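Working notes, beginning with the structure itself.
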Amino acid sequence: MRADNNHPTRLVVLISGRGSNLAALQQALTDHPHLNAEITAVVSDQSTAPGLDKARDWGISTLVVTPKADETKSAFELRLLHQINKQRPDWIILAGFMRILSADFVAEFAGRMINIHPSLLPKYRGLNTHQRALDAQDPIHGASIHFVTATLDGGPVLSQVSLPVLQQDSAKTLAERLLPLEHRLLKATVALLLTEQVQCHDDAISINQTRVSKPLQLGHDLDDLDPQHALTGNGH
Ligand code: GRF
């Protein structure tokens, strides 16, 4: 979805925690006003998520939607849906949102909700991705951005970034080395969504009506939004 000249593209970001990807995205939108997009609200399912403070520091509206003790999942999701829809979002970005969403919820935002996941999908859906990559002795690890479907971390993958696993890596060091690459992947991928016609229908991604057969790789077929930080030392 492109913005027209008058109306910036409206983004809603869902978080549960730290919000470093959120901060990276907001910084990119500030640094690149030609992208003509704004984060209209940050929604968290955790009232104490540090990312909420980051959003407030930027002057972004924050909304907390936490499940009530006696509430069904569908009632909670209805409240969440209502809050998101009030923003009239063009895109919904899950950036560390630690909740499994139902098929009904996901269907509401089919083709316009993406998630960043710290593995080279389809490897390691779910949690503990860094440790699982180490346990499998993978030489390469990375992060993916995918369209959200009813299958957990299972939607079509739009973009990826990879880095070599070092012999001395722990799950912690691997996560630390990957995080700045995740930020760049998110920024570049959102820039792509904002400047090109990216569509996802029936599990197939197309860009300007050309089918994408495999995930775009940051630094190769996906341009880094900030090319002065060219990828170094990460296997590219
Ligand atoms: C990131 O590693 C992201 O890939 C995963 O959750 C983490 C969120 O980190 N989905 P942050 O809250 O953006 O700092």
### Summary
Per the list (1) among the charged types (D, E, K, R); (2) over 26 Å from Gln26 (Cα atoms); (3) out of contact with any helix residue (DSSP H, G or I) (no Cβ under 7 Å at 6 or more places or on another chain), residue check on Glu196 breaks on (2)
### Task
Return only the number of the condition from (1) closer than 19 Å to Leu121 by Cβ; (2) modelled with pLDDT under 95 that Arg177 does not satisfy.
(2)
### Summary
Expected single match for on the phi > 0 side of the Ramachandran plot and out of contact with any Phe, Trp or Tyr (no Cβ under 8 Å at 6 or more places or on another chain) among Arg79, Arg56, Arg88 is Arg88
#### Entry: Matching residues in the range 149-181 - criterion: being aliphatic (A, V, I, L, M), within 14 Å of the ligand (Cβ to nearest atom) and farther than 18 Å from Asn115 by Cβ
Leu163, Ala171, Leu174
### Query
Any chance the range 146-153 includes a residue that's among the aliphatic types (A, V, I, L, M), crowded, with 22+ Cβ neighbours inside 10 Å and under 24 Å from Ala107 (Cα atoms)?
yes
### Task
For Pro8, indicate whether it is within 11 Å of the ligand (Cβ to nearest atom) and over 15 Å from the mean Cα position of the chain (by Cα).
no
### Query
Quick check: anything in the range 147-160 of a type in the set (Ser, Thr, Tyr) and part of a strand (DSSP E or B)?
yes
### Message
Being within 15 Å of the ligand (Cβ to nearest atom) and of a type outside the set (Lys, Arg) is the filter here; which residues of the range 182-211 pass it?
### Response
Glu182, His183, Leu185, Leu186, Ala188, Thr189, Val190
### Query
Given the structure, is Ile145 within 13 Å of the ligand (Cβ to nearest atom) and closer than 16 Å to Cys200 by Cβ?
yes
### Message
Looking for something more than 16 Å from the chain's Cα centre (by Cα), more than 24 Å from Leu94 (Cα to Cα) and at pLDDT 95 or above - is there at least one such residue anywhere in the range 143-164?
### Response
yes
### Query
Out of all the residues in the range 192-213, which are surrounded by fewer than 16 Cβ atoms within 10 Å (Cβ to Cβ), part of a loop (DSSP other than H, G, I, E, B) and touching a residue at least 12 places away in the same chain (Cβ under 8 Å)?
Glu196, Gln197, Asp203, Asn208, Gln209
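The values are calculated or read from the model by the stated rules, or taken from the named source; none is laboratory data. Keep in mind that this is a model prediction, so the values were computed, not measured. Neighbour counts are summed over all protein chains in view; Cβ atoms, including those assigned to glycine, are modelled from backbone coordinates with ideal geometry.
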